[in-house]
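Encoded as structure tokens, the structure appears first; notes follow it.
The values are calculated or read from the model by the stated rules, or taken from the named source; none is laboratory data. Fair warning: this is a prediction, and the values are worked out from it, not measured in the lab. Reconstructed Cβ throughout: ideal geometry from the backbone, glycine too, with neighbour counts over all protein chains shown.
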Amino acid sequence: MNRPATRALVTGGSGGLGAAICRRLGAAGHFVYVHAHRGTAAAEGVVRDIVAAGGEAQAIAFDVTDAGATRAALAQVVEHSAVQILVNNAGIHDDAVLPGMSDKQWHGVIDVTVDGFYNVTQALMLPMIRTRWGRIINISSIAALTGNRGQVNYAAAKGALNAATKALSLEVASRGITVNAVAPGIIASGMGASAFDAAAIANLVPMKRAGTAEEVAGLVAYLASPEAGYITGQIISINGGMI
């Protein structure tokens with residue numbers, strides 16, 4: 001028997017990767033909340049794409065680093081029904097080698113990824129637990145697994161997200177909720193794609209190409225599905241064979 005449509009929230013849903021994830025979840029029949037902070041016009045555009053394709057979606061705006069604003073926004077979302085699919089995709093780059101890194105660069109990246117994960121996930125957790133079914137998918141990075149020059153802050157943030165993924169998966173496994181992380185490599189529409197030209201990509205990636213946002217979205221959609229119910233606590237790489 002097919003499950004009824006579930007409600008999904010994708011943070012950072014207005015960006016390239018987030019938008020692809022939103023569209024894929026919408027195509028799978030989920031009601032999708034497309035989150036943005038400042039990119040509300042882009043989020044509304046993603047909503048229009050999902051609706052035009054026959055799905056259901058709504059834009060939602062708040063700053064994931066602001067705990068009070070996040071709780072207030074999400075309290076309205078879960079007032080009558082739980083969000084059962086959460087994709088923690090919001091993240092930023094602010095690259096510099098560590099000796100030249102400012103406090104603002106360090107804390108800015110950590111705040112969006114780590115505090116953002118906590119603020120959003122904690123606010124949605126109890127309603128999800130009460131339904132005894134859920135999927136939490138955290139968007140990590142190859143930088144957390146291999147490191148990358150000039151990205152100590154980003155690698156630290158995504159590494160913390162990986163550790164949180166494993167710990168939370170243990171807490172909620174018995175409640176029918178899975179928690180996994182997806183760690184993309186070089187993605188054509190990703191934040192780091194502009195840092196690599198075709199020659200560099202051919203040298204770094206055994207498949208000799210960048211991945212696509214749609215390929216990452218396909219993996220996320222699978223992890224969000226009932227078929228992935230026995231996969232939890234995993235950091236799943238999607239990087240063309242880089243590691």
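Tabulated values for the structure
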{"quantity": "Hits in the range 145-159 - residues which are farther than 12 Å from Trp106 by Cβ, in contact (Cβ under 8 Å) with a residue 12 or more places away in the chain and not aliphatic (A, V, I, L, M)", "calculated": "Thr146, Arg149, Gly150, Lys158, Gly159"}
{"quantity": "Matching residues, the range 7-45, being over 10 Å from Ala61 (Cβ atoms), assigned to a loop (DSSP other than H, G, I, E, B) and at pLDDT below 95", "calculated": "Gly15"}
{"quantity": "From Val152, Val182, residue being aliphatic (A, V, I, L, M), buried (at least 19 other Cβ atoms within 10 Å of the Cβ) and within 14 Å of the chain's Cα centre (by Cα)", "calculated": "Val182"}
{"quantity": "Pairs, first closer than 9 Å to Ala157 by Cβ in the range 107-120, second part of a helix (DSSP H, G or I) and among the polar types (S, T, N, Q), C-beta under 7 Å, six or more apart", "calculated": "Val109/Asn153; Ile110/Asn153"}
{"quantity": "Among (1) more than 18 Å from Leu25 (Cβ to Cβ); (2) charged (D, E, K, R); (3) surrounded by fewer than 18 Cβ atoms within 10 Å (Cβ to Cβ), the one test that Lys158 misses", "calculated": "(3)"}
{"quantity": "Near pairs, Cβ below 6 angstrom, 6+ apart or cross-chain, from the range 1-23 (over 13 Å from Thr131 (Cβ atoms) and polar (S, T, N, Q)) to any residue that is modelled with pLDDT of 95 or more and not in a loop (DSSP other than H, G, I, E, B)", "calculated": "Thr11/His35; Thr11/Asn88; Thr11/Val120; Ser14/Ala36; Ser14/Ala42; Ser14/Ala43"}
{"quantity": "Asp63 vs. criteria acidic (Asp, Glu), under 23 Å from Val216 (Cβ atoms) and outside any helix (DSSP H, G or I)", "calculated": "no"}
{"quantity": "Subset of the range 52-78 [surrounded by fewer than 17 Cβ atoms within 10 Å (Cβ to Cβ), among the acidic types (Asp, Glu) and either within 24 Å of Gly159 (Cβ to Cβ) or modelled with pLDDT under 95 (or both)]", "calculated": "Asp66"}
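Results for (1) part of a loop (DSSP other than H, G, I, E, B); (2) on the phi > 0 side of the Ramachandran plot; (3) among the polar types (S, T, N, Q), shown as yes or no for each residue.
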position: Ala157; (1), (2), (3): no, no, no
position: Ser169; (1), (2), (3): no, no, yes
position: Val172; (1), (2), (3): no, no, no
position: Ala181; (1), (2), (3): no, no, no
position: Ala217; (1), (2), (3): no, no, no
position: Tyr222; (1), (2), (3): no, no, no
position: Tyr230; (1), (2), (3): yes, no, no
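To keep it simple, each residue is scored yes or no on (1) modelled with pLDDT under 95; (2) closer than 25 Å to Gly100 by Cβ; (3) in contact with a Phe, Trp or Tyr (Cβ under 7 Å, 6 or more places away or on another chain).
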{"residue": "Asn119", "(1), (2), (3)": "no, no, no"}
{"residue": "Leu124", "(1), (2), (3)": "no, no, no"}
{"residue": "Arg132", "(1), (2), (3)": "no, no, no"}
{"residue": "Asn138", "(1), (2), (3)": "no, no, yes"}
{"residue": "Ala156", "(1), (2), (3)": "no, yes, no"}
{"residue": "Gly159", "(1), (2), (3)": "no, yes, no"}
